[in-house]
Amino acid sequence: MTYVPKPQRWKRVVKFPAPGVCGWCGKALEGRRTSWCSDACSTASDRASGLYVRSDALRANRQANDGALRCATCRVVLVGTAEGDLERAGMPPYPECPNYARLGEAAREAHQVRKAAWEKRCAALAPEVDHVVALALGGDLVDIANLQVLCPPCHKKKTAADAAAIAVARRRAHATKNVRELSAFAEATP
């Protein structure tokens, strides 16, 4: 793998042709619009620039798994923000306390502790979007095929593996640079 010293940055794909012209489709702008002729052109431009790449990856994962979010590695069902995610992950919704205002201080604290533990379980199943090929190893920033949905434990393992691969690639790049400089010096010296 080759090492890319600086990761790619989000950059706008659109280059505006002229003032008063839509930056996406080229139509004349009407009214108070200054960049795009419609909301559809604005969204298309943002999507091409990579602004919606995370939501696109989550949507693709849902479509591939019949509406559920699944970790690409361990296949566990994850809890997202869509309706029904808790049930798909096998977690009942947290029961609301109808008499919360009338509870004593100790009962309120116990309720908050139980709710915090429930939220911690949900956070452990929160989806994380990760690049299949790390940016520093030449992966594409906005390519949907270079994205995968992972659970937090799998993402932590993958990140550790990527960090090790990046370190190896950096050492190789540094060693190669020194070899090139030495060979250039040897060739220049009589």
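Is at least one residue of the range 154-173 closer than 19 Å to residue 85 by Cβ, touching a helix residue (DSSP H, G or I) at 6+ places or on another chain (Cβ under 7 Å) and at pLDDT 90 or above?
So far as the range 154-173 goes, no, none of its residues is closer than 19 Å to residue 85 by Cβ, touching a helix residue (DSSP H, G or I) at 6+ places or on another chain (Cβ under 7 Å) and at pLDDT 90 or above.
Which members of the range 47-67 meet the condition of being more than 17 Å from residue 83 (Cα to Cα), modelled with pLDDT of 80 or more and of a type in the set (D, E, K, R)?
54, 56
In the set 140, 162, which member is in a loop (DSSP other than H, G, I, E, B) and within 29 Å of residue 47 (Cα to Cα)?
Every option except 140 fails the conditions.
Given the criteria at pLDDT 90 or above and within 30 Å of residue 79 (Cβ to Cβ), does residue 143 qualify? Full working, then the answer.
Values: at pLDDT 90 or above: no; within 30 Å of residue 79 (Cβ to Cβ): yes.
Against the criterion (at pLDDT 90 or above and within 30 Å of residue 79 (Cβ to Cβ)), residue 143 does not qualify.
Can you work out which of the residues in the range 17-32 that are in a loop (DSSP other than H, G, I, E, B) and closer than 27 Å to residue 142 by Cα is modelled with the highest pLDDT?
By that ranking, first place goes to 27.
I'm trying to understand the selection: among the residues of the range 103-119, which are more than 25 Å from residue 79 (Cα to Cα) and either among the aliphatic types (A, V, I, L, M) or in a helix (DSSP H, G or I) (or both)? Reasoning before the result, please.
First, the residues of the range 103-119 that are more than 25 Å from residue 79 (Cα to Cα): 103-109.
Within the range 103-119, 103, 105, 106, 107, 108, 109 qualify.
Could you give every pair whose Cβ atoms fall below 7 Å, whose first residue belongs to the range 150-174 and is free of Cβ contacts under 8 Å to residues at least 40 places away in the same chain, and whose second residue is outside any helix (DSSP H, G or I) and surrounded by 13 or more Cβ atoms within 10 Å (Cβ to Cβ), counting only separations of at least 6 or pairs across chains?
Correct list of pairs: 152/126; 152/128; 155/128; 155/130; 162/134.
Find the residue count for the range 45-90, including only residues that are crowded, with 16+ Cβ neighbours inside 10 Å and in a helix (DSSP H, G or I).
Going through the range 45-90 one residue at a time, the tally reaches 11.
Of the residues that make up the range 107-128, is at least one in contact with a helix residue (DSSP H, G or I) (Cβ under 8 Å, 6 or more places away or on another chain), modelled with pLDDT of 85 or more and closer than 23 Å to residue 55 by Cα?
The answer is yes, given that some residue of the range 107-128 is in contact with a helix residue (DSSP H, G or I) (Cβ under 8 Å, 6 or more places away or on another chain), modelled with pLDDT of 85 or more and closer than 23 Å to residue 55 by Cα.
The values are calculated or read from the model by the stated rules, or taken from the named source; none is laboratory data. If you're wondering where the values come from, they're calculated on a predicted model, not measured in any experiment. A quick note on method: Cβ atoms are made from the backbone with ideal geometry, for glycine too, and the neighbour counts reach across all protein chains shown.
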